Structures are given as structure tokens and as C-alpha cells.
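What follows is one structure encoded as C-alpha cells, with my remarks underneath.
The values are calculated or read from the model by the stated rules, or taken from the named source; none is laboratory data. Given the structure is predicted, the values throughout are model-derived calculations rather than measurements. Note: ideal-geometry Cβ built from the backbone for every residue, glycine included; neighbour counts use all protein chains shown. Only protein heavy atoms, including side chains, enter the accessible area calculation; ligands, DNA and RNA are left aside. Shrake-Rupley method; radii C 1.70, N 1.55, O 1.52, S 1.80 Å.
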There are 2 protein chains.
Amino acid sequence: MINLKKQLLLLILLGMGQFLAGQELAKDVFMLQRKDWLKNAEASKPKLFEQVKKPVSIVKIVKDERSFQGWRSEGNQPVSELYSSSFKKQSGIVVDFKTHLTGYFTITIKAIHGTPDAPLRFRFTFGEVPSELVTPFEQYKGGLSRAWLQDEIITVMDVPARVTLPRRVAFRYLKIDLLGSSAFFDFAIADMELKSTTSVNIQPVSLAAGTNSMIAQIDSVGLATLKECMQTVYEDGPKRDRRLWIGDLYLEALANNQSFKKHDLTKRCLYLLAGLSRNDGYLYPSVFENPEPHPQAGISFLFDYALLYNVAVKDYLDASGDRGTALDLWPVVKKQAESPLIHLRRDGMFDDRQAMKDNWWLFVDWNKALDRQASIQGIVIYSLAQTYELARRLGKEREVSHLPALIARMTAAARKNLFNKQRGLFESGPKKQISYASQAWMVISGVASKKEGQSAFEALAAIKDVVKPGAAYLYHYVVEAMIKSGMGREAKDLILDYWGGMVKKGADTFWEVYDPSDDYLSPYGFFPINSYCHAWSCTPVYFIRKYPEIFQK
Amino acid sequence: MINLKKQLLLLILLGMGQFLAGQELAKDVFMLQRKDWLKNAEASKPKLFEQVKKPVSIVKIVKDERSFQGWRSEGNQPVSELYSSSFKKQSGIVVDFKTHLTGYFTITIKAIHGTPDAPLRFRFTFGEVPSELVTPFEQYKGGLSRAWLQDEIITVMDVPARVTLPRRVAFRYLKIDLLGSSAFFDFAIADMELKSTTSVNIQPVSLAAGTNSMIAQIDSVGLATLKECMQTVYEDGPKRDRRLWIGDLYLEALANNQSFKKHDLTKRCLYLLAGLSRNDGYLYPSVFENPEPHPQAGISFLFDYALLYNVAVKDYLDASGDRGTALDLWPVVKKQAESPLIHLRRDGMFDDRQAMKDNWWLFVDWNKALDRQASIQGIVIYSLAQTYELARRLGKEREVSHLPALIARMTAAARKNLFNKQRGLFESGPKKQISYASQAWMVISGVASKKEGQSAFEALAAIKDVVKPGAAYLYHYVVEAMIKSGMGREAKDLILDYWGGMVKKGADTFWEVYDPSDDYLSPYGFFPINSYCHAWSCTPVYFIRKYPEIFQK
């Protein structure tokens, strides 16, 4: 697995000069539309649904080698025991809200003996998983900001007090350390609450009676993950990063379409990305809402994410029926569809090497070892085909009349250059690498037939040095491809194995990073900074609900 | 020097039972007046005068054994150098506001490279003296709340940002440590400011031309100390404790009457103490303003402070001419004047031993070794005499017509029991202890004649085991007594020596704790938690301005 952030840093630094010299100073191709798109993004901003949540019990975090990351929570004392006595002897206590929550924490403190004569100092450590509460954060030396770690230190000058932390937190467990108090008075915590926020305020339909109980649990954890990430944009993770990425949006919208059907949020995100696109019309892969909407300027062009934007617009139209928005965003979609031509070789192959030399970012998966040629070829074909489908629905075929021939040419080139008929596998790059990613995208793009896809996936098991997916993001496409190849049972097994593995290890929400063989894996060099509620891991919700014949029987 | 807080704790614990069983549940003798007194306190609350102050320069805190507490600040780079470049390489920088300030700190942060994609984490350490910035606070194990130490840790979620710390701080130096940042963007501190607060908004008259320059410096540092402590009450220290004590009020009002003449603040404090007095009519020694005005309930009766309240009311009337307030507060004054009778022996001596057995707190000075018998006898006599003076001004002599005889009786008893004619010294307690405190109070109370006082102070120098003052609070009374004994030169020398010693060691404001022979002395076991701007040390202002013939020539 690669260090995404290191790669990102390199791409930013490499891309900076080019961007400043080039497209960012170019004439703004969307000059006339941009303002309205941002206005529409703002108008579609969902109202956050707030609920007051209280801690449910007092727990202990105990060492247990058999538990995820070596720690588990234990015990179930009522929180009233915490409230009913002096806090001085309870420093270090851990309370459990029993569910993953995102929002704003408030604590109320009262004097119980003597007159408050001095300030109090507390450290609040919020954890999505037990290990975050017991792993000293001082150890962290990674490249991501240490400030993502959720320990907040406050001084309370006067008692009684009701203090709300300014920072939004995402957690299930909270540890409270008393760092300073006066010998001249005693106090208790009178109350704690979280004003939880999400843009989701409905329950999706229940699964069919008799659904496999692990599938039902995976669906439930996936829904929780999605709900927590659905704030005023589709966030990638409510604890860390907290931004809108096209790739996460695409997957979250898929899951949302099958569950909460909160289409205004998708609409907002599509408009926001359009409104904040580069002057040359290509999309930034990620944007921020605060302090005011702005893109991650300076970042390299994330090619596959830009292509998936087109699929997301088509999916949005299909799910919502909102033709107006799709028409409004059509120029952005059309623009993204032009990008493959920039590095298209005469033989119909996309030139991934040249694109990378030009500082394009080809993501596909976290796995650094992955050769991306085949996957990118597949993503281009899939995106262009979906773009043409969208054009048909919008009566815009004439504007992209070149696409069917282009798709056919690229498909033929893929079959010619990537498909090893003898092995029944798609190969990628000069070293003819075999990977799950390549097979998946050849299937999803329609380069491989259903039967070829099936053979390919079956053949993978025997390949010793096959390149496996590095994260849930790619596992999603593998599952999708398996289903498309008629391998419903195998797709279900994969979900039971991968996402079910997280459930068995106690996940309340699905994790950003999950390697069944390494609980401590972190692309950031410190597992507590991983996001344990991450959008791109929520898609079992989509599969389970879209394919009930596979998953709900 | 004793540990004041340990003593206080003991007194609170001892006093608690008695108070709950006794006077605190008693009928409220001021039931009818209390509400109006508190209303008057609120109405007299001065408007805080706010000024925006900026750091002046960048300094280094360097080790120097010859400097106060082993550290001094050095260098004088303009702050613009801090603002003009990335902060990432400047973590740990110290800025100097060049003067002691009390107020609310705001920092402005801007991005200078890349797009902010992650939160920042900072630690701000505010110090009144250089050592506070370089002494790790983790070492602190004392009984006072560690939260008084002024290091605040914040998370800044979005950049650009303008963040105001909720806590009021008191400092001259600020160290800024960067605890977390992102590799993907760079940032600078764009601005810093302190909204300073004080209720003082005038300059007092200048000292006479030709005043000794050290005296002028002492006056200036004293004025700064007083100004910083004059908030919406006379605080004891703006960094630590931040409350209204009668003893500090008394001294601050003396200095204020000779300088800023902000009489509404004195009025507010006198009303606040009256309004928050105990149900039996005796005063609490200290009260708090926040979250709403309340006394330090449960604390023992601080006898000498209650007595000095009477003097403060008389002084207030003399300085302000506000007869209405003095009349309004007369019942409180009269009540305090009753307290000595509770433990008055038949021979005219106040029974300090019995009072302490009854959990009365006889403060006088920090010095634990001090025998308080003589001092307390003097304080009672002085307070009763001043009370009678106040009664005369208010036409209330008939209500306290017993006082002249009582004063005479106690004076005679003091002379008989405490004055050692052979040695020309006043002795205290069964071991006939000789102390500065005893001589001072015998002089101030008028028990000793001018000549006796002079002889006593002159004789002290030869006493090997004389008990010296433990803090500026008692040094004040010694200076007062010396002046009263016609020893202006010696009083001036003492001020030059004691307060001038602090000035020579770099004091911007006068310290709570100062022992010329021990820079590291702390009654709290950790010198950084000492207050370095402390009300009770400001009184040279009073002497220098009240006695120009001694100090301003």
C-alpha cells in the first residue's frame, strides 16, 4: 500500500509550477456559469439534522491481543455513577456513546464542595476505536497534521460552567483526564452531551426478512458510515480530511441512491465541484467548504476522479430525475470527456506513462505497486460510455457524436494490447502485471465479456504475485465487476470476508484502512490517525440493496 | 515563609463544620440591605477600558545565572520578521509585548502556499517573567490548580482563521509552539493582538522633578501593577487568584487614592463585600465575580482583614467625600467592630490563641513563624480607632460610644503585656517573640509613641533571631510604621532596597513573592505559578505620592 499523502505532496509540488504557468491563469472557460453553479450549490445545501446524544455507559479500555489493534472496551456501568460523585478521583475515565457520532461536544461542570476558587484543566480524547484512547499521541511523527488527532485541552475558568468545544469531533468513546484542579473545592461532571449532526433524517427500507445476519450487520454498519459522512457535503471521513473528493462522492452517491435517497446533497456536491473547477474546465479532485468554498488549488489533475464525475452526474439524473441539473452541468461533463484525448495514443491506448510525466495523478487504488495502465484504460472507456448514455438522455448526442467510435477504438486497443487470451487475464504495463484492479476495470468497462470476466477472476486465485486491492475503494470495483460477471456468490463472499471482517473486529462504521492481516496498517505511519468512519468503505449498502437477489436471500 | 494555601486548606476544612452548623444557617442580619448593596455594587462596576496592543519584538530567552531566576530575554528583532515568513520553521518563537498586559489574545493565521487541507495545533505559553516560558509546566505538582499556568492548546480547523482565546491572560512574553500542521500547505501568522483591559484610563500626576530615579522607577512599576489589578474589582493578581480580598483591596485603595483616584471601583468592592457578607454579618475575606458574585463560602473568618474593611470605608469617605455610601455601609462597619469583643480577655488583651482554636484566621503576614499576638492587638486597636473616626464623620458616635474606652483599655493592656521597656521592643506571645510585624502594628495603632517606635525599629537590627516580614503585604505596614515614627529616610531605604530590588531584577510589575535572597521561592512549590503582578506589592505608589517630602526630593 502506498503512502497516499506522500504521493499527493509530490504531485502538488510537481504540479504547482505547471498550474501557475498554465491553466490556472488561463481564460476561465466557465466564467459565465460558475457563479450560478455555486449559487445552486449553496441553495441545495441540506439542513443539518441535529440530535442531542448522551453517553450511555462507563467502560474500561483493556489490553486484549485477540481484539482489533490489541484493545477492547469492557464493562457497562451507568454514567450516573460518574455524575454522582467527585470527578477528582475519576480522571482518565472513558465513557461510551455506544454509536459513532459526529458533532459538537458540551460538558457541564458543577461544584459539589467548597467554593470554586481556581480554574480547571481537562484533556478530552475522542476515539472512534478503543486504541485511540490508550495510544499516546506524542508518538506521532507522520506527515499528516497531528491536529487531526482528537485530543482537546481546555481551561475552565469559572465553575459552574457549561463548555462547548469549538471543534467538531467524530467518535464513539471519550476519555476525560483532569490536568488541573484546586484543593479548595470539589466538583462533578453534571452532564455531557453531543449535538450530533448529519444531513440524513430518514430510515431506509428494511432488508428482506431472512437476510443473512452478517449481511444485515454489514448493511447496518455501512448505513452508519454513510450517514456520518453525509454532512453538508459528502465528506470522505468526519474525523479526518472532512472534505469532498470526487471518488468518495461517486461511491457515497451510489449508496445513497439505494438507501437514504438524499439527492439534494448529491446535487450540491456536483454543483460545488463544477463551480470550483479549474479555469481550463477540468475538475479539481477535492474541494473544501470552509472558511468558504474553495478547491484544493495546486493539486495535480486527478484523471480517474474527473472521469467518474461524469458517471456520478448520469447516476444522479437516473436516481433523481432532475434533468435541469444534468443539463446545467452538461458543459462540465463534456469538458471532462475531452481529457482522455490529451494523452490518447494513435493505437487507441491511453498513454498513462506520458500522463504521469505531465503530472497527472492516476489514482485507481492506494496500492503503489499497481500498474495503472489497464485500469485507466477501463475507466476511460467506462466513463465515456456513461457520458454518451447521459448525452442520449439529455438529447446531446450530437455534441459528443465522436464518442461511440472512440469507445470502440479504445475497447479494441484494450483487447489487443491488454488481454492475454492464453491466460484468460488482462495484463497491465510493460511488465504485464496481473492485478484485481485491471480485471475489474476491464469488466466494468465492457472490454471483457461476462464470461471473460468470470474466467479472469477465477484465474486470479492461482496467480502467485497478483496485485491485490489496497483499500475498500478498489474492493468496491472488484465486487461490482464480479457481479457484472455473474459471480454473485463470489461477490457476496468477498463482502462477507472483507467488510464482514471489520464487523467481526467490532467496527461501528467502516474503516478507511483495512488489511485483514494487519490491524496496525496506516498509510500515515500511525494507526490512530486513520479514519475509522470512511465514506469509500460504505458501498456494501449499495450492493446489498441494489442486488437483493444476491444479498437478501 | 509559610505555605499560605496549605494553611488556607486546613482552615477551610476546620471551619466548614462550624460554619454549616452555625452562622451560615443563622438568621440573615442584613436581609433587608443585602440586595441593595449588591445592586449598588453592580451599578458602580467600572467600564473596562480596552486597548489593542501588539507584540513589539521577537526575543530569545537565554540562560543567565546572574538574571532573575536564571533567565533573561535578549534581542529585539521586529515582529514583522515573524509575520513575513512561514511559521513552520519558527515554532518556539517568543514575542515580547514590552509591558505587562491583561486581556484577551487574538491570533490571525493566513495561508501562504498551497491550499489549507488540515487543522493546525498550537500551544501558546504566556509568561509574566522569562522563566515561565522555559520551565516545563509538567513538573508542577503543587496544591494550587495547575490550570493557573498559562499555556493554552488550540486546534485551528480552517485557515485563514482569526482565533481569540476564551481565557483572559496576564503576561508580557508569549511563546508560540506549533504542535501540528500539514505538509500540504504552508502558513504564516498574519497578526497578533491583545485586547487589554483595565478600569484605569487616566495618567496620575507626574512626580516632582528631581525625584530619585529609582524611586521614579518604583513608582512607575507600582502604577503598572495597580493598573493591571484594577479590573471590575481590585484583583489580587490578574494572572492567578483573580479575586477580591479585603487585604488587597485595602492596600490597592490606598494607592489608588494617591494616583488614579478611581473611587467607583473602591465603592463597588466595598458594596460587593457587604452584599456577600455572612448571615451573621461578618465579612468573608474574599469574593468572586464569576460566574456570578459569590463569596468564598466555607472559608474561616479572616479577622484582621474584616477589621481592615472598616479602615477602608473610612479611607474611601475621606478620599471620595461620598458620605452616602459610608452611611449605607455603616451597619457592616459597626458589625465588624463587634468581632474583637468575642475573644477579648478581661485584661484588655485580645485572646489570639482562643480565636485560633475557634478557627479564626489571623493572617498578618505569610511568615508562619510569626507570633501574631502583638500584631493582632495592634490591628484591633487601629481598626477600632479608625472606626470611631468614621463614626464621628458620620455622626454615629453614640452607636459606638463604648469604643474610646475599649481602645484605651486595649492600648494600656498592650503596653503592659507586650512592651519590654528595658529592650525598648514589643514582644509577642508566650515566647516573647520579637518581630517587625509586632513593632509595626504597635506603632500604627498608636500603642507606641513616635519615639518608642523609632527606638524599637533601631533596636531590631541588633536582634539576631528577629522575625522578618514574609511578603510585601507586611513590608507595607513596616514602611508605614517607620514613617509614623519619623524614620522617613529608613522607610525610603527600605523601599529602595525591597521594591528597588525587584526593579533591578527586571520587574515590570511587582511580585507576589519576593525574597531578595531566593529568586525561586514559592509558597506553592513551583515558582512559575507565583503571581508576578500582585496587588499587595503596589503600595510604594501610595508612599511616594502621599509623602513627597520623603520620597520626591
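Looking at segment A:82-183, none of the chymotrypsin sites (Phe, Trp or Tyr not before Pro) sits in a DSSP loop with at most 14 other Cβ atoms within 10 Å of its own Cβ.
Measuring nothing but alpha carbons in segment B:107-180 and taking Rh as the Kirkwood radius, the Rg to Rh ratio lands at 1.03. Run the reach check for B:LYS432 against lysines, Cα to Cα strictly under 18 Å, same-chain hits fewer than 8 apart removed. What comes back? Straight-distance partners of B:LYS432: B:LYS368, B:LYS416, B:LYS421, B:LYS464, B:LYS468.
For segment A:144-164, a drop of 40 Å² or more in accessible area on going from the chain alone to the assembled protein chains (1.4 Å probe) is found at A:SER145, A:ARG146, A:ALA147, A:TRP148, A:ILE153, A:THR155, A:MET157, A:ASP158. About its Cα centre, the dipole of segment A:49-198 is roughly 200 debye, where the only charges are +1 on Lys and Arg Cβ and -1 on Asp and Glu Cβ.
Shape analysis of segment B:234-326 based on the Cα gyration tensor places the equivalent ellipsoid semi-axes at 20, 15, 12 Å, largest first.
Counting only residues at least eight positions apart within a chain, or on another chain, the aspartates and glutamates with an alpha carbon under 15 Å from that of A:LYS335 are A:ASP28, A:ASP280, A:ASP304, A:GLU397, A:GLU399.
Shape annotation for segment B:385-458: C-alpha extents along the principal axes are 42, 22, 17 Å, from largest to smallest. When you filter the trypsin sites (Lys or Arg not before Pro) in segment B:275-381 for DSSP loop state and at most 16 other Cβ atoms inside 10 Å of their Cβ, you are left with B:ARG345, B:ARG346, B:LYS368. For the charge dipole of segment A:49-198, defined by +1 on Lys and Arg C-beta atoms and -1 on Asp and Glu C-beta atoms about the Cα centroid, which residue among A:ILE112, A:GLN51, A:GLY70 has the Cα displaced farthest towards the positive pole? Most positive-ward Cα: A:GLY70.
Based on Cα contacts under 8 Å between residues 6+ apart, segment A:49-198 shows a relative contact order of 41 percent. Each of B:HIS476, B:PRO516, B:SER435 was placed along the dipole of segment B:426-525 (beta-carbon charges, centred on the mean Cα), and the one lying farthest toward the positive end is B:SER435.
Go ahead and run the numbers for FRET between A:LYS89 and B:LEU165, Cβ-Cβ distance against an R0 of 35 Å, rounding to 0.05. Could you put the intermediate results ahead of the total?
Details: r = 30 Å, r/R0 = 0.85.
With R0 = 35 Å, the Cβ-Cβ based efficiency is 0.75.
Only protein heavy atoms count here, probed at 1.4 Å, and on that basis chains B and A bury about 3500 Å² of accessible area in total. Using only side-chain charges placed at the Cβ, +1 for Lys and Arg and -1 for Asp and Glu, the dipole size of the protein assembly as shown relative to its Cα centre rounds to 300 debye. Computed from Cα atoms, the angle from the helix A:403-418 axis to the main principal axis of chain A rounds to 90 degrees. Let's test this: bin the Cα-Cα distances of chain A at 10 Å from zero up to the farthest pair and state each bin's percent. With a bin width of 10 Å, the distribution comes to 4, 17, 27, 26, 15, 7, 3, 1, 0. Seen against the Cα atoms of chain B and their longest principal axis, helix B:263-275 is set at about 70 degrees. For chain A, the relative contact order is 19 percent, taking Cα pairs closer than 8 Å that sit 6 or more residues apart in sequence and dividing their mean separation by the residue count. Pairs exceeding 26 Å between alpha-carbon atoms, taken from B:LYS54/B:LYS553; A:LYS89/A:LYS141; B:LYS396/B:LYS451; A:LYS60/A:LYS88; B:LYS227/B:LYS267: B:LYS54/B:LYS553; A:LYS89/A:LYS141; B:LYS396/B:LYS451. Between the helical axis of B:34-43 and the longest alpha-carbon principal axis of chain B there is an angle of about 40 degrees. Binning all Cα-Cα separations of segment B:50-198 at 10 Å, short to long from zero, yields these whole-percent fractions: 11, 40, 36, 12, 1.
Before rounding to the nearest 500, sum -39500 (n - 2.57) across all DSSP H runs of length at least 4 in chain B and divide by the residue total; then give [θ] at 222 nm in deg cm²/dmol.
On the way: 18 runs with 221 residues, N = 553.
Calculated from helices alone, the mean residue ellipticity at 222 nm is -12500 deg cm²/dmol.
All alpha carbon pair distances within segment A:464-505 were sorted into 10 Å bins beginning at 0; the resulting P(r) in whole percents reads 29, 52, 19, 0. Can you list the residues of segment A:283-301 whose accessible area drops by at least 20 Å² going from the chain on its own to the full set of protein chains, with a 1.4 Å probe? At a threshold of 20 Å² (probe 1.4 Å), the residues of segment A:283-301 that become less exposed are A:PHE288, A:ASN290, A:PRO291, A:HIS294, A:GLN296, A:ALA297.
Surface analysis of segment B:473-553 yields an accessible area of 30 Å² per residue, using protein heavy atoms and a 1.4 Å probe.
Around the Cα centre of chain A, unit charges on the Cβ atoms of Lys, Arg, Asp and Glu (plus for the first two, minus for the last two) sum to a dipole of about 860 debye. Out of all Cα-Cα pairs in the protein assembly as shown, roughly what percent, to the nearest whole number, are more than 54 Å apart? Within the protein assembly as shown, distances greater than 54 Å cover 36 percent of Cα pairs.
When segment B:50-198 is described by a simple charge dipole with +1 on each Lys and Arg Cβ and -1 on each Asp and Glu Cβ, the residue from B:ILE61, B:SER182, B:GLN139 located farthest towards its positive end is B:GLN139.
Hey, any idea what % of chain B's accessible area is carbon plus sulfur with a 1.4 Å probe? The partial results should precede the final answer.
Working: 10310 of 20120 Å².
About 51 percent, which is the carbon plus sulfur part of the accessible surface.
Relative to one another, the C-alpha centroids of segment B:283-300 and segment A:427-502 are positioned 72 Å apart.
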